[in-house]
1. Can you tell me what percent of all Cα-Cα pairs in the range 206-334 are more than 25 Å apart?
2. Considering the Cα positions of the range 2-333, please state its Rg to one decimal place and its Dmax as a whole number of Å.
3. Using a basic spin-label model with each label point 7 Å from the Cα along Cα→Cβ, how many nm lie between Asp122 and Ser34?
4. Choose one answer from Ala321, Ala222, Ala201: the residue with the largest mean-square fluctuation in a GNM of the chain with alpha-carbon springs under 10 Å.
5. Take the Cβ-Cβ distance between Ala325 and Lys230 as r, set R0 to 45 Å, and report the resulting FRET efficiency rounded to the nearest 0.05.
6. May I ask you to compute the full-extension gain from Gln55 to Val42, defined as 0.36 nm times their residue separation minus their alpha-carbon distance, rounded to one decimal in nm?
7. What span do the alpha-carbon atoms of the range 67-168 cover on each of the three principal axes, reported in whole Å from largest to smallest?
8. Just to be sure I understand: with springs between alpha-carbon atoms less than 10 Å apart, which residue in Lys183, Lys236, Lys317 has the highest mean-square fluctuation in the Gaussian network model of the chain?
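The values are calculated or read from the model by the stated rules, or taken from the named source; none is laboratory data. Only a predicted model underlies this, so the values are computations on that prediction, with no experimental measurement involved. Positions of Cβ are generated from backbone atoms using ideal geometry, with glycine treated the same way; all protein chains shown enter the neighbour counts. With ligands, DNA and RNA removed, areas are computed over all heavy atoms of the protein, side chains included. Shrake-Rupley method; radii C 1.70, N 1.55, O 1.52, S 1.80 Å.
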Amino acid sequence: MDQFLNDLPKAELHLHLEGSLEPELMFALAERNSIVLPYSSVEQLRQAYDFANLQAFLDLYYQGAAVLQTEQDFYDLTWAYIERCKTENVIHTEPFFDPQTHTDRGIPFATVIKGISRALRDAESKYGISSGLIMCFLRHLSEEAAFDTLQQAEPYLDQIIGIGLDSSEQGNPPAKFERVFAKARDMGLLAVAHAGEEGPAQNVIDALDILKVDRIDHGVRAIDDPELIKRLAAEKIALTVCPLSNTRLKVFDDMSQHNILQMLEQGVKVTVNSDDPAYFGGYLTENFIALEKELGMTRAQAIELARNSFEYSFAKKERKAELLAELDRHCVAR
Ligand code: HPA
Ligand code: ZN
């Protein structure tokens, strides 16, 4: 089953590039950029990855991202993730990046996006892995700062498929970003938002009704509102669920409590994703394996989850047809 899950063609729709920064690369980039990390070794850094909640993780995640300085650093970060995609048969990916984490440290927006985009172009030309880059606003910062970031992105709109909203959900509800989401949508960008991760089901409703998002990131707290579950299923609104992230950040006490398969069986278009794999103990295949081992996910469910990842991706119609055909071919061949 592990090999089956690894080889299953998949798309990833919820992956923060900064969260794919492995400790080994973090140390290498720190050395390359003459930055002293507050840890003596990779092992000591990994030991610090024991999080009580989302904020505890975010504090380390922003600290770690400070080693990223040059265009080549952003290329190397993205390319390391693409190599993982290749190994795990992730044939389409829609990664997030957090420009404000970098521009607030004086790194130009251009440096960040040029490095990431070059790696994504190489992913396509060398491995045939397609992608769509999503730019997230940090919700603990102001709406004005998000507007400023959107303006900086304008020369690069051909390299960005949509916008997202991440960072601390508690105290930063969707409504705070209503106008900037409206502007981005007017500019032709698609929209997603983290909602119902640590925050209430109402944040999922508000992300849909106020921000008018095309997908919900996480969304697991929707389970508290049976009417919302019915709506998600009826309107085919996809949730990008991240099982290992949710257990590492104590959204669920352990994997046996996770509700992803329950939602799948209720008709919600859920997908499996790794979120911040360098911090949460596994890439996409590991997330699928955890569902199989701890929730008894069947092969048919795994295939349905993979199908959802293509169906609810932002890939263009022709590419989506190719992705789905690849999944069908693979499943028939087995
Ligand atoms: N939630 C909110 N913000 C984030 C996350 C997450 O899981 N990962 C990176 N930024
Ligand atoms: Zn996330």
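1. Beyond 25 Å sits 25 percent of the P(r) for the range 206-334.
2. So, for the range 2-333, Rg and Dmax equal 18.5, 54 Å respectively.
3. 2.6
4. Looking only at Ala321, Ala222, Ala201, the largest GNM fluctuation is found for Ala321.
5. The value I calculate is 0.90.
6. 2.5 nm
7. Computed over the range 67-168, the largest-to-smallest principal extents equal 39, 26, 23 Å.
8. Among Lys183, Lys236, Lys317, the largest mean-square fluctuation in the Gaussian network model of the chain belongs to Lys317.
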